[in-house]
Structures are given as structure tokens and as C-alpha cells.
Amino acid sequence: MKKLRRITEPEVIAEFLKNEYYQEEFHQDRGRFEALVLNADTTNDAENALRRALLFRRRGHMWRELPPDTQWWEMGLGPGDLEQVRVFPRAQWRRVADGSFQIGAIVRRIRRNEFRGKDKAFVAKLHALSYRLRQHRDASTLMLIGVDESRPMTILEGNHRLTAAMLASEELALSCFRIVCGLSPRMAESCWYETNLPNLWRYAKNRFRNIVDKEADVDRVLTVTTNALTARATQSTAPESK
């Protein structure tokens, strides 16, 4: 994998939220924030704070497990790089993976059509998405995490899309999406990258501390940012003292 350019956390949050905004958690005020999500201005601090709060409504528990020194990069993938990519090990993916979360191994297993029941229905949805991607190219963003660009990466967001693209062809998977990657020397401390007991225990404690997630309180963030903007405007219009 090759680093193309450094990007900011607000840029990544904006893309993550855009991919998640169809979810039920946003039904209550979808129209209210739709423009903020779909036409993000990541140079605007007030907008960035709101998008972060909206994302945390659904994914705060996920974001907190990323190391604080995580750097975000736009990445270029070449032939063979997908062998380093693992799916995010959750829900149905654990059964579909059957022990190996390397995305190439999962795609090969799906092609062998070894599934029954709910797993078969899940795989059928992946095939449906695969056919859709072949006809309509997807310019959305996939998010990976890792220690550095030379070591294995885990998909933080985009399991379905990347797997579906690979079911079509490796060429489609490499060309279809924008790839961003969070890199940190401490990424192995995140349960999303390494699922082990110490990491899961840390995750459980963080979930307990944030049962009521103040960072996801959009109205509170609106109040804070509005007050800050008002104070800034007042200062800029105040007459200079002589």
C-alpha cells in the first residue's frame, strides 16, 4: 500500500457519517442535518463538531477505541495489497469467515457456496451488491486501520462493499473506492484491530463509562457552537478602545 496524502480527522468523520446516514439512528432529524452531512465543509469547526456528535450517536463506541495518535492517510492499493486486508470480525462475518478474516479467503469461500440458512441469505445480499457495483461504480470511501502501511490492515467501515467488489474482480475492488487508512504504532491496542481479552476488557470499560454519551448529544454541541460563534461575532464588532 502507498500513502498518497495526509488527511484530517474531520475529513474522515465526514466520510464515515455520509456512509452511515441511512441508518435508523438518524431518522429523527435526517432533514435537519442532511445538507451538513452530504455537503460537508471540513474547514468549518462548528460543522465538524456537529458531524462528530452525529457520528458518535451510532459509532462513538467504535471511534473511542482508536489510539489518540492515529494518523489518517489516503492510500493507493496495488495488485497484491488486498492480501493484507482483513474484514472487521463482527456479526455474520465471524461465521462466513470460518476462522480466517483475510478478505481473499472469505471471497473464495463465498464462491464455493457452502452456506445455509441466515448465512446463505447474507451471502445473497453480498452477491446482489456485487452485481450493482459492476453496473454502477461506487465512489464512496472505505476505511481501514493498521499499525503502518506495510502490515495487515483491518476494514473499519466497508466490509460489505469491498467483499462485493472482490466477488466481481480484484480490478474492480482496487479501482472502485477511495481508500483512507488510520495508522498508529499503538493500533494493536484496539479491539477492532486485535481482538483479545485485554482489548475487549478496555472496550467494555469504555462502553460502561459512556452509557450516556455526552459526545453524541447534538443539541448540546449546537448550543456550545452557537455560543462560541456569537461570542466571536460580538468581539469582531465591538468598537476598539482608545
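Throughout, read-outs are computed from the coordinates displayed, never taken from laboratory work. Quick caveat, the model's predicted, so the values are computed rather than measured. As a convention, Cβ positions derive from the backbone with ideal geometry for all residues, glycine included, and neighbour counts pool all protein chains shown.
General observations
- Ranked Ile155, Ile7, criterion: other C-beta atoms within 10 Å, fewest first: Ile7, Ile155
- In a DSSP loop and with at most 15 other Cβ atoms within 10 Å, the chymotrypsin sites (Phe, Trp or Tyr not before Pro) in region 1-93 are Tyr22.
- Dipole-positive endmost among Ala173, Val218, Pro185 within region 155-218 (Cβ charges, Cα centre): Val218
- Coupling constants for region 57-69 follow from the phi torsions by the Karplus curve (6.51 cos²θ - 1.76 cosθ + 1.60, θ = phi - 60°), and in residue order they are 4, 10, 10, x, 4, 6, 5, 5, 7, 7, x, x, 8 Hz; glycine and proline get x.
- Helix 9-20 and the longest principal axis of the Cα set of the chain meet at an angle near 60°.
- Classification of region 2-204 by its C-alpha gyration tensor yields a rounded form. The axis ratio a/c (a ≥ b ≥ c) stays under 1.5.
- Using a Förster distance of 25 Å, the FRET efficiency for His136-Asn39 (Cβ separation, nearest 0.05): 0.70
- What you get for the chain, charging only the Cβ of Lys and Arg (+1) and of Asp and Glu (-1), is a dipole of about 800 debye around the Cα centre.
- Whether region 97-179 is rounded, prolate or oblate, judged on the alpha carbon gyration tensor where a/c under 1.5 counts as rounded: oblate
- Charge tally in the Cβ shell below 13 Å around Pro68, where Lys, Arg are +1 and Asp, Glu are -1, Pro68 excluded: -2
- Loop trypsin sites (Lys or Arg not before Pro), region 42-93 (other Cβ atoms within 10 Å of the site Cβ: 14 or fewer; DSSP): Arg90
- Inter-part distance where region 75-109 and region 146-162 are each reduced to a Cα centre, Å: 9 Å
- With respect to the chain, whose longest principal axis is taken over its alpha-carbon atoms, helix 197-209 is tilted by about 40°.
- Considering only beta bridges that DSSP places wholly inside the chain, some 65 percent are antiparallel.
- Take every Cα pair under 8 Å whose residues are at least 6 apart in sequence, average their separation, divide by the length of the chain, and the relative contact order is 26 percent.
- Sorting 187-194, 134-141 by average packing, meaning the other beta carbons within 10 Å per residue, from highest down gives 187-194, 134-141.
- Loop GluC sites (Glu not before Pro), region 42-140, which have at most 14 other Cβ atoms in a 10 Å radius of their Cβ (DSSP): Glu114
- Between the C-alpha center of region 29-44 and that of region 189-207 there is a gap of 31 Å.
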